[in-house]
Amino acid sequence: MGNFEPEIVGLCCHYCAYTAADMAGSKRISYPSNVKIIRVPCTGKVDAIHLMKALEKGADGVFVAGCLEGDCHFKNGNTRAAKRVVYVKNYIESLGFEPERVAMYNISAGMGERFAQIAGEFTEQIKALGPNPVKNIKSNHQAAGQ
Amino acid sequence: MQEAKDIQYESSIDKRVLVVGGGVGGIRAALDLAESRRNVTLIDKSYAIGGLMTQLDRTFPTNNCDLCTVSPHLSQSGRQIYLDLQPMTVLDALEGEAGDFKATLLTQPRYIDVEKCTACGECQKQFPEAVRFTPGLDPRAPTCMRYPQATPYAYSIDMDKVTDKDALVQSCKADAIVLDDEPRKIELNVASVVLSIGAELFNPEALDHFGAGKLDNVVTGLEYERIMSASGPFQGSLLRRSDQKRPKRVAWIQCVGSRGINKEDVPYCSGVCCMYALKEAIVTKERFAQEIETTIFYMDMRTYGKDYELYLNRAKNEYGIRMIRCRPHSIVEDADTKNLSITYAVEEEAQPKIEEFDMVVLSTGFRMNSETAVLAEKIGVELDPYQFVKTDHFNAVETSKPGVYVCGVAQTPKDIPETMVQGSAAASMAASNLPAMADALPEEELIPERDVSGEDPKVGFFICDCGMEIGGVIQVSEIVEFAKGLPRVAVSQAVGYGCSSESMAVIEESIKTNGLNRVVIGGCSPRTHEAKFQDLLRRAGLNKYLVEIVNLRDQNTWAHLGEPDKALQKAFRLVESGISGVLQTRPLVDHTLPMNRNALVVGGGVTGMTAALQLADQGIKVYLVERAPVLGGVAQTIRKTIEGEDVGAFLNQLVKDVTAHDNIQVLTRSIIVDHSGMPGRFQTGIQTGVRMNYMQLDHGVTILATGALPNRPAIYGLGSHDGIMTQLDLDTLLDESPEKVQEMDQVVMIQCAGSREPDNPNCSRICCQAAIKNALRVKALNPEASVYVLYRDIRTYGMYEDFYREARNQDVQFIRFTRDTKPDVRVESGRVYVSVFDGIIGRTIDIETDLLALSTGMIADDETTEDLAMMFHVPRTSDNYFLEDHVKLRPVDMSVRGIFLAGTAHSPKTIPESITQARAAAGRAQTMLAKQEINLGASVAKVDGSKCATCLVCVRACPFSIPLINEDRYSQIDPAKCQGCGICVAECPAKAIQLMAFEDDQILAKLDGIFGGLN
């Protein structure tokens, strides 16, 4: 377990979080390479299905990162996203997964340090949880199928 | 500064506009011109544009991060084909006349080829002292990269500090160092010049009583912004300089260096400091701790802008910010704690008070510098006594030199929205010296787009090494090999610097010869470079939405510099994700509409007429609709401006010009009854003339200039006695019957009559200067008359302060009251009496007056704005003025494209301010009218009607209220109005909506790609 390197997907909004990630890079602030980002116009675009599919396809953790509260480029997309993340947390908990595998963050475009900090903290959190149990189920299924 | 050598002559047939100064005002002016397809050169003495605004932490009233609001504008200015950006350049001489100037520009050597520089930072690592990157943005860290949107995105070198030139050249893998770069002189043929040269902030170290520069915990407003800023010295923590601890008590002192008569002071009001102090105090509470005590020491709270009074009320009532009305005497520091004691005296108490604070912020205002005087002298532009650029009375952007215009703080102190308005107005004026709009430059011709619908996806993958930035961390060749092994990849190739013109040509050629129909670029951030590669695809005959940018630099090699193995593994995953995603892209059509090049101007007052003339002179057909039988609006009731200019004469000339203009159709006695269509193609129905005939107007843009109404509230006895009147009535009386006024011994004025009250909460802005104007006119007729102005705050912003001082010098008595101690007005035996509590002497005084003038200000024309808001689908403020799209950055644009706003329909303002806004609206309208068709983008939500269950979820979820249920009973989203956030897509329970360019299958494909190697 000590060498466990989780797969982490970050769904980041174009106007703030994605820019903050670029900012972290341009300041050469390192964060775990486990984090891979998919850009969305607004976190309000992030659907529960995207989070669930990410977990199904093999992510050990997924986070959604949008603008600071009240600063959403599209008025309230980030608060909608936050609600959806809570919904997905409850949902996966009812399925027996750790709700901590899904998270919502708010950062502004200038906060490169904060992005790196979030990426680091979330990665640690997922490392502590261990691999996504779906992977085992999947491989068991595959084994059973063969 | 080195001597410039050769003069390069650059004269072109296409005349251009020269914009001097790249702050927000200059950027706005340059962008407006470029968007109207006029050639423009924007010069700035600094290495990158942006000006003062990029240093601010957050801006009122939304308390948003400035970086985020201004940065799209900066990168926008890097992309315009009509815009030539020349940093490190000053205007050295200007000869000739309007329409045909010869401007001499002097450019200092940068020693870096901006086209080649990738801002990788290698040179800076080796020569930290000699390399500059957006310096001036943060004086404490000249080498820091303050924000990733710097324009131009390039470094510059201070060659005097370079020790080893060869090593410097070696350090740059992009070969961008130009050792023999020299100062250059360029002569440019320009039609007009826009000065947006800004001002400096007063340095309070010149004052000895506040300890600026000596005491650690005394800072200026701007320093406080930097301390709070995420990119500031404490990374966004609010800490004291002395002990790096968070202060518990912060005080602001207003008018430091402004509104004073002492040796270092200037007499004018800097206009912006009240709002920024309130903002800083609110943000302090919001972001750090509600427990921090915030106190503002002020003379008059000048929240005169649109909705600024509401901001002041929030500061007091919601945030508990303490306001003390006084001018503090001094600050003394405690040697041990470094705390600061402020000595001050309030009017009501005889003894001075001493109070201790942890930190004190000095609200300093604007000063003109000697550079401006030198430039003004060189180019022959007159300055006012305070060294601001002198302008025409009725046209605040027109300097004393024809063809030279000014915007922003260089004209008078002003805030960002007013600077933006002036920027647009100056651009509009500058364009009037160019050939008319109809002859504007043609749009770029492109080869037809290839139809790829029947083709199997054929992907070209091109990876940049970006010098060492990507290639120095990961083996680019390994990724090339990896991509070759992925399905559908026809070409996989390294291209060095993908964004260089050589590599762009290689990619373009490869698309054509190999018949590629999807392209993936492995390089830097799509935020900065997507548009560039989209344009490349389009030039190569492919739909521009068939490209995907994989962020291998900013989000991989830069972030994982120390872990090259992991960075390589991540790069494989990102590239596979990008290729998997691009397979799901489909050609998208930018929504376009043929442009109707007529304009509708609603409202025939000064604002509407000015806007109509401005457009008509550019060859635009204008319908000017006015409900009254004659043109002129409220200005017909105003006789003189405070400067003494004759409003009537000005108005008569304006009406004459408008009526005589071939391109303007004046429609008086006309009301708007219906409105439909799309931006660029509106239809508006009016009923016109005494017989109310119906008529339909086709137009591409609309300017709303419906004005506001003079307020006449039934308070203080207004209407009950001939001696009680409004300031407008007094203005007329002064003009028509001066002999009556001459006989008066006592005149009383009451300010804020009906304004700043719960039912009309905002400040009417115009009344303080109107009262002082009339008070001075009464005094001029009868110097012996006693004139009393009863006020709450005197808001003579900017240069109006001179008139306030003059009134006090002439012994006009100013007596302050509060909302709780309002004056009483009574009529006894036909005489008018006013009694008011005077806080200074501590008792109520009773004045028998010959005339009581009430400063009733303005009130929104509720009925008109309500009707038009419904028809045009535009929003209104809580007090029924029209609401612009963005209070700071789009102050004359409405949220509906193609609809613009000007004059008092926006908020109360003076005639010159309305005129400026009218020109700004006309300028913004031209940016749209310059195009043959309007591009509405492609990333919009699209409904599959067969899946729609008509549940109304999208209708409720859309933050912009765009979805509607159509006749066929499914949701319909107007692509011309959709903003492309995708919120409805995520909310739709039937999954009937997709956001183009971010379709669900594309996002899922990207996820597949990320985990491709795992499953």
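The values are calculated or read from the model by the stated rules, or taken from the named source; none is laboratory data. Treat the numbers as computed from the prediction; the structure is a model and nothing was measured. With ideal geometry, Cβ positions are generated from the backbone for all residues, glycine too; neighbour counts draw on all protein chains shown. Keep in mind that these areas ignore ligands, DNA and RNA; they rest on the heavy atoms of the full protein, side chains included. Shrake-Rupley method; radii C 1.70, N 1.55, O 1.52, S 1.80 Å.
Here is how the numbers come out for the structure above:
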item: Filter pass, B:Cys269 being away from chain A (no Cβ under 14 Å), assigned to a loop (DSSP other than H, G, I, E, B) and buried (at least 23 other Cβ atoms within 10 Å of the Cβ); result: yes
item: Entirely in segment B:615-701, the strands (runs of 3 or more DSSP E) that have 1 or more residues that are acidic (Asp, Glu) and open to solvent by 60 Å² or more (accessible area, probe 1.4 Å); result: B:693-699
item: Residues of segment B:841-857 that turn out to be touching a Lys or Arg at 6+ places or on another chain (Cβ under 9 Å) and at pLDDT below 95, as a count; result: 1
item: Residue satisfying condition, being among the hydrophobic types (A, V, I, L, M, F, W, C) and free of Cβ contacts under 8 Å to residues at least 12 places away in the same chain, within set B:Ala559, B:Ala567; result: B:Ala559
item: Count - residues of segment B:241-253 that are in contact with a helix residue (DSSP H, G or I) (Cβ under 9 Å, 6 or more places away or on another chain) and open to solvent by 10 Å² or more (accessible area, probe 1.4 Å); result: 2
item: Conditions (1) in a strand (DSSP E or B); (2) under 24 Å from B:Glu469 (Cβ atoms); (3) facing chain B (nearest Cβ under 7 Å); number of the one not met by A:Val9; result: (2)
item: Residue within segment B:256-264 that is surrounded by fewer than 18 Cβ atoms within 10 Å (Cβ to Cβ), within 14 Å of chain A (Cβ to nearest Cβ) and either of a type in the set (Phe, Trp, Tyr) or in contact with a Leu (Cβ under 8 Å, 6 or more places away or on another chain) (or both) present; result: no
item: In segment A:19-38, the residues that are facing chain B (nearest Cβ under 7 Å), at pLDDT 95 or above and out of contact with any Asp or Glu (no Cβ under 8 Å at 6 or more places or on another chain); result: A:Tyr31, A:Ile37, A:Ile38
item: Qualifying residue in segment B:895-914 (condition: open to solvent by less than 10 Å² (accessible area, probe 1.4 Å), farther than 20 Å from B:Thr419 by Cβ and among the aromatic types (Phe, Trp, Tyr)); result: no
item: Subset of segment B:992-1006 (residues that are out of contact with any Gly (no Cβ under 9 Å at 6 or more places or on another chain) and either in a loop (DSSP other than H, G, I, E, B) or more than 13 Å from chain A (Cβ to nearest Cβ) (or both)); result: B:Glu999
item: Filter result (in contact with a Ser or Thr (Cβ under 7 Å, 6 or more places away or on another chain) and away from chain A (no Cβ under 11 Å)) within segment B:972-991; result: none
item: Among residues of segment B:646-659, those that are under 12 Å from B:Met609 (Cα atoms) and small (Gly, Ala, Ser), counted; result: 0
item: Tabulated pairs, segment B:705-731, first at pLDDT 95 or above, second of a type in the set (Ser, Thr, Tyr), C-beta under 6 angstrom, 6+ apart or interchain; result: B:Ala705/B:Thr607; B:Thr706/B:Thr864; B:Gly707/B:Thr904; B:Ala708/B:Thr904; B:Asn711/B:Thr856; B:Thr726/B:Thr856; B:Gln727/B:Ser855; B:Leu728/B:Thr637
item: Any hit, segment A:87-103, residues being within 11 Å of chain B (Cβ to nearest Cβ) and open to solvent by less than 70 Å² (accessible area, probe 1.4 Å); result: no
item: When residues of segment B:554-568 are limited to those that are facing chain A (nearest Cβ under 7 Å) and part of a helix (DSSP H, G or I), the one nearest to B:His529 (Cα to Cα); result: B:Asp554
item: Answer from A:Ala82, A:Ala59 - the residue that is of a type in the set (Gly, Ala, Ser) and not in a loop (DSSP other than H, G, I, E, B); result: A:Ala82
item: Selected residue (only one of B:Tyr800, B:Tyr804, B:Tyr788 is at pLDDT 95 or above, of a type in the set (Phe, Trp, Tyr) and either in a loop (DSSP other than H, G, I, E, B) or more than 35 Å from the chain's Cα centre (by Cα) (or both)); result: B:Tyr788
item: Every pair of residues 6+ apart whose Cβ atoms lie under 9 Å, when the first sits in segment B:527-547 and is more than 26 Å from A:Cys42 (Cβ to Cβ) and without any contact (Cβ under 8 Å) to a residue 40 or more places away in the chain while the second is part of a loop (DSSP other than H, G, I, E, B) and open to solvent by 30 Å² or more (accessible area, probe 1.4 Å); result: B:Leu536/B:Lys544; B:Ala540/B:Ile447; B:Ala540/B:Arg450
item: Every pair of residues 6+ apart whose Cβ atoms lie under 7 Å, when the first sits in segment A:50-74 and is β-branched (Val, Ile, Thr) while the second is open to solvent by 10 Å² or more (accessible area, probe 1.4 Å); result: A:Val62/A:Leu55; A:Val64/A:Met104
item: Test: residue in segment B:515-527 that is open to solvent by 20 Å² or more (accessible area, probe 1.4 Å) and assigned to a helix (DSSP H, G or I); result: yes
item: Single residue of segment B:278-334 satisfying the filter (assigned to a loop (DSSP other than H, G, I, E, B) and of a type in the set (D, E, K, R)) that is surrounded by the fewest Cβ atoms within 10 Å (Cβ to Cβ); result: B:Glu291
item: B:Pro975 being in a loop (DSSP other than H, G, I, E, B), over 32 Å from the mean Cα position of the chain (by Cα) and not assigned by TED's automatic domain parsing to the domain that holds B:Glu530; result: no
item: Out of B:Ala141, B:Ala176, B:Ala154, B:Ala150, sole residue that is at pLDDT 85 or above and either in contact with a Cys (Cβ under 6 Å, 6 or more places away or on another chain) or on the phi < 0 side of the Ramachandran plot (or both); result: B:Ala176
item: Residue within segment B:530-546 that is polar (S, T, N, Q), in a helix (DSSP H, G or I) and in contact with a Phe, Trp or Tyr (Cβ under 9 Å, 6 or more places away or on another chain) present; result: yes
item: Residue, nearest to A:Glu69 (Cα to Cα), within segment A:109-133, restricted to residues that are surrounded by fewer than 24 Cβ atoms within 10 Å (Cβ to Cβ) and within 13 Å of another protein chain (Cβ to nearest Cβ); result: A:Arg114
item: Options B:Arg322, B:Arg259, B:Arg287, B:Arg246; residue that is over 32 Å from the mean Cα position of the chain (by Cα) and among the charged types (D, E, K, R); result: B:Arg246
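Here's the yes/no breakdown for (1) on the phi < 0 side of the Ramachandran plot; (2) out of contact with any Pro (no Cβ under 7 Å at 6 or more places or on another chain); (3) at pLDDT below 85; (4) away from chain A (no Cβ under 14 Å):
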position: B:Arg28; (1), (2), (3), (4): yes, yes, no, yes
position: B:Gly51; (1), (2), (3), (4): no, yes, yes, yes
position: B:Thr62; (1), (2), (3), (4): yes, yes, yes, no
position: B:Cys65; (1), (2), (3), (4): yes, yes, yes, no
position: B:Gly78; (1), (2), (3), (4): yes, no, yes, yes
position: B:Gly99; (1), (2), (3), (4): no, yes, no, yes
position: B:Ala103; (1), (2), (3), (4): yes, yes, no, yes
